[in-house]
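As structure tokens, the structure follows; a few thoughts come after it.
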Amino acid sequence: MNDRVILHVDQNCFYASVEMLRRPELKKVPCAVAGDPDNRHGIILAKNQLAKEAGVKTGEAIWEANLKCRDLVLVPPDFACYLHYSRLASELYREYTDRVESFGIDECWLDLTGCRNDDGFAVAEEIRARVRHELGLTCSIGVSWNKVYAKLGSDLNKPDGTTHITRANAKSVVYPLPANALLYVGPATIRKLRRIGVKTIGELIALGPNYLQKRFGIVGLKLFRFAAGLDTAPVAMSGHESPVKSIGNSITTRHDLCTEDDIRAVTYMLSESVASRLRSADMAARTIQVSLRDDQLNHIERQTPLLHPTQLCTELAPQAFELIMANRMSDQRIRSLGVRACKLIPVARLRQQSYLFSEKKRELLFDLEVTVDHLRKRYGGLSVRRGISLVDRTLTEHDIRSENVVHPVGVFGS
Ligand SMILES: [Mg+2]
């Protein structure tokens, strides 16, 4: 069987590049996009080359960045605009293949296998030139026969470069790279690998699948497969995702919920995850539904329409909480709780009707919640938390069940 042809496209300094596009004067100064620039404790989300040279790092606090770079120019994020450019880029990729899988706002995998033009390197060079010419942005592209190596490749030639990892050069290109260059290898795995003397991908591969599996279980085996270029995960087919009818989360808590504070904390936690998934799916909810089961295993489900379609936790959670409190008897002990966003509508359709962001305050809330999504993607789910969720950590620090209810193909909730 022939190898697949997979590209991974990574926009360079995406947020900062879009800002420089809109305000070219920013190209001449060190600048960074930062959440909440008025607050010294806000965080750097992206920076340009000059800021990078001054040592500014993504994820650090503004005050830390200012210590290294006193004339750093800070710009607040404009996610709606970044999303616009992200979509333009995806549209461009889709001219080459219908298999385009986005990974965050600024990265995509493309599978060119079997496409009219399946010369991976040539297509990568063309895409890079077109992104520069048509969008005014630069990207780095990795080309390989699997997603993991393609992603590795897109990290190697920044900015504006292509790296082709082939069967012939994989040993010389991939093996010397640090193990943390591999997709999904986080600090905890790196510490474990350090303990057994592994620093590079080559050293990891040399241990072999059996040893790694014995030492780290199924994760070890996966690690080996990623490192050795054996990953066979497909690139998701765009336009073939099933339309989602509702998005919900539920939880059975470690102890029954008796107080209003506990119920509020869990409701907000569930709603946050629902809101974040609504944003990933680019959907807004028109109805909120709650379900609760008490310690006698009585089950109730209630729903109410929302004032306007939303994908904000700030708007979903209070409604959900109110609905729960209105339907809970005063001494009822709640064992499990669910929050579900229903009657979903694609945000694209709302934007045409332009009432999603009709008010400035909602727009700011949207930016805030997207910033938090971004931080959680980078630093983990517990990196940013609502004060409200800290009443009792045992309630809110374990995994919640999530579930999308999917329509038969082609029908949106209405
Ligand atoms: Mg990027």
Looking only at segment 103-125, which residues are in a helix (DSSP H, G or I), open to solvent by less than 10 Å² (accessible area, probe 1.4 Å) and away from the ligand (no atom under 16 Å from the Cβ)?
-> 120, 123
Out of segment 179-206, which residues are open to solvent by 40 Å² or more (accessible area, probe 1.4 Å) and modelled with pLDDT of 95 or more?
-> 203, 206
Hey, does segment 228-247 have a residue that's under 30 Å from residue 295 (Cα atoms) and open to solvent by less than 20 Å² (accessible area, probe 1.4 Å)?
-> yes
Failed criterion for residue 97 (all others in (1) open to solvent by 40 Å² or more (accessible area, probe 1.4 Å); (2) without any contact (Cβ under 8 Å) to a residue 60 or more places away in the chain; (3) away from the ligand (no atom under 15 Å from the Cβ) hold) = (1)
Taking only pairs six or more apart or across chains, which ones have beta-carbon atoms under 6 Å, a first residue in segment 139-154 that is farther than 17 Å from residue 114 by Cβ, and a second residue that is away from the ligand (no atom under 16 Å from the Cβ)?
-> 148/226; 148/231; 149/165; 149/229; 153/144; 153/165
Name the residues in segment 1-59 that are within 16 Å of the ligand (Cβ to nearest atom), open to solvent by 70 Å² or more (accessible area, probe 1.4 Å) and in contact (Cβ under 8 Å) with a residue 40 or more places away in the chain, would you?
-> 49
Name the single residue, out of those in segment 287-320 being farther than 14 Å from residue 275 by Cβ and not in a strand (DSSP E or B), that is least open to solvent (accessible area, probe 1.4 Å).
-> 295
How many residues does segment 131-168 hold that are part of a strand (DSSP E or B), under 18 Å from residue 236 (Cβ atoms) and more than 16 Å from the ligand (Cβ to nearest atom)?
-> 1
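The values are calculated or read from the model by the stated rules, or taken from the named source; none is laboratory data. Bear in mind that the values here come from a model prediction, so they are computed numbers and not experimental data. Glycine gets a Cβ as well: all are built from the backbone with ideal geometry, and neighbour counts include every protein chain shown. Areas reflect the complete protein model, heavy atoms only, side chains present, ligands, DNA and RNA absent. Shrake-Rupley method; radii C 1.70, N 1.55, O 1.52, S 1.80 Å.
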